[in-house]
Amino acid sequence: MTTPAPDIFDDIIDSLKRRKLAGEEAVVLAPDTLRALFASPKAVRSPIPPRPAPRTPRRTDQPVAGSHMPPPSAAAAGFAPPRVSPAPDVETADWDTLVKMVDDCVRCPLHKTRTNPVFGEVNREADLLFIGEGPGFHEDQIGRPFVGPAGQQLDKMIQAMQFTRESVYITNIVKCRPPGNRNPNDSEARVCLPFLKRQIDLIQPKAIVLLGAVPLQFLMGKTGITSLHGKWLDYQGIPVMPTFHPSFLLRSPARKKEAWEDLQLVMKKLGKDPGETLRRMRAGR
Ligand code: URA
């Protein structure tokens with residue numbers, strides 16, 4: 001069994017270490033890349049056989065983000081150590097790059113059971129950002145957030161706030177569905193959080209509404225939605241309002257009044273008059 005010379009290894013190992021630190025658990029190398037590495041004239045004997053590339057459910061015609069390698073001809077035409085580009089940086093990614101990174105993400109086991117990642121939508125210049133827990137069954141099926149029963153309840157909340165779904169942005173703590181609609185666990189939330197943080201950086205909303213205990217815990221590091229709902233928090237200078245999750249409100253309609261009070265605080269912060277909602281309701285608008 002042959003492996004590339006140690007100087008090639010240095011480059012690759014450095015890159016893999018950086019990517020592991022960034023939370024990646026698996027790297028897929030293209031067959032051409034593997035051939036180029038093992039065709040190197042400086043290849044040496046190794047006592048450790050290389051591990052086969054892990055299998056992932058994604059399309060095989062797409063390289064994993066960050067696994068860019070030189071074409072095989074570079075190595076074949078004389079020794080040119082393949083350089084591994086650093087993984088694209090989530091913190092500086094633009095929208096297109098971020099979407100692709102979420103599409104290609106294998107940072108946690110949720111990618112194995114998802115049907116579609118759910119990135120978020122709609123208005124990337126929204127004043128108002130809603131953050132939920134993670135995609136459920138319906139969201140996983142079509143790749144859009146809050147489209148099931150909880151989504152219908154959220155739509156009513158958005159409308160009552162005199163916004164439309166098209167005018168706000170909606171996303172979740174984790175972008176892939178936790179099996180059985182369980183809450184995301186600590187490590188799933190931790191490796192997914194950089195995507196959400198970059199979305200917030202890019203949107204720069206004027207206010208954020210946290211839907212339930214999960215975003216309160218993982219974005220703000222706080223527990224106790226029952227005591228913290230209706231109280232302003234701060235995320236990097238952006239006012240944050242925790243309130244109840246729409247699914248909880250469907251199960252406990254008596255708590256809708258409290259949620260409406262929370263949302264009115266957000267409306268006032270954004271210069272909207274909650275009285276106008278009542279006038280519209282009375283007028284059937
Ligand atoms: N519940 C959530 O928290 N997010 C969704 O996208 C759907 C349901």
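FYI, it's all coordinate maths here, none of it is from the lab. On a predicted model such as this, the values are computed, not experimentally measured, just so you know. Heads up, the Cβs are rebuilt from the backbone with ideal geometry, glycines too, and the neighbour counts pull from every protein chain shown.
Counting other C-beta atoms within 10 Å, which of K197, K257 has the fewest, and how do the rest follow? All intermediate terms of the calculation are to be shown ahead of the outcome.
Numbers: K197 15, K257 8.
Fewest to most other Cβ atoms nearby, the residues stand as K257, K197.
Please give, to one decimal in nm, the separation of the simple spin-label points placed at K112 and F137, each 7 Å out from Cα toward the Cβ.
In this crude spin-label approximation the distance works out to 2.3 nm.
Hey, could you pull the Cα Rg and Dmax for the range 122-251, both in Å?
That works out to 13.4, 36 Å for Rg and Dmax.
Return the FRET efficiency for the residue pair Q152, R282: r is the Cβ-Cβ distance, R0 is 22 Å, and the value is rounded to the nearest 0.05. Before the final figure, lay out the partial values.
On the way: r = 22 Å, r/R0 = 1.02.
Efficiency, from the Cβ-Cβ distance: 0.45.
Within the range 126-280, what percent of beta bridges assigned by DSSP are antiparallel, to the nearest 5?
If I count the DSSP bridges inside the range 126-280, around 20 percent turn out antiparallel.
Gap in Å between the Cα centre of the range 122-149 and the Cα centre of the range 236-275?
Going from one Cα centre to the other spans 17 Å.
What FRET efficiency would be calculated for the residue pair E91, D186, taking the C-beta separation as r and a Förster radius of 22 Å, to the nearest 0.05? Don't skip to the answer; put the middle values down first.
On the way: r = 21 Å, r/R0 = 0.96.
For E91 and D186, the calculated efficiency is 0.55.
Take the cross-link list K222/K272; K197/K256; K100/K268; K175/K222; K100/K269; K112/K206 and give me the ones stretching past 31 Å between alpha-carbons.
On the way: K222/K272 28 Å; K197/K256 29 Å; K100/K268 36 Å; K175/K222 21 Å; K100/K269 34 Å; K112/K206 35 Å.
Listed pairs above 31 Å: K100/K268; K100/K269; K112/K206.
When Rg is the radius of gyration of the Cα atoms in the range 200-265 and Rh is its Kirkwood radius, what does Rg/Rh come to?
Details: Rg = 11.7 Å, Rh = 12.1 Å.
Radius of gyration relative to Kirkwood radius: 0.97.
For the range 150-211, evaluate the Debye formula with one uniform point scatterer on each Cα (no solvent term) and list log10 I(q)/I(0) at q = 0.21, 0.30 Å⁻¹, rounded to two decimals.
Log10 I(q)/I(0), no solvent term: -0.99, -1.26.
Among V147, V118, which comes first, second and so on when ranked by fewest other beta-carbon atoms within 10 Å? Provide the component values of the computation, followed by the final result.
Details: V147 20, V118 28.
Ranked by crowding around the Cβ, least crowded first: V147, V118.
Nearest 20 debye, what's the magnitude of the dipole of the range 141-285 about its Cα centre given +1 on Lys and Arg Cβ and -1 on Asp and Glu Cβ? Walk me through the intermediate numbers first.
On the way: 23 positive and 11 negative charges, 66 e Å.
Computed charge dipole of the range 141-285: roughly 320 debye.
Determine, for C108, C176, the number of other Cβ atoms within 10 Å of each Cβ, and report the residues in order from fewest to most. Walk me through the numbers on the way to the answer.
Details: C108 22, C176 27.
Taking fewest neighbouring Cβ atoms as first place, the list is C108, C176.
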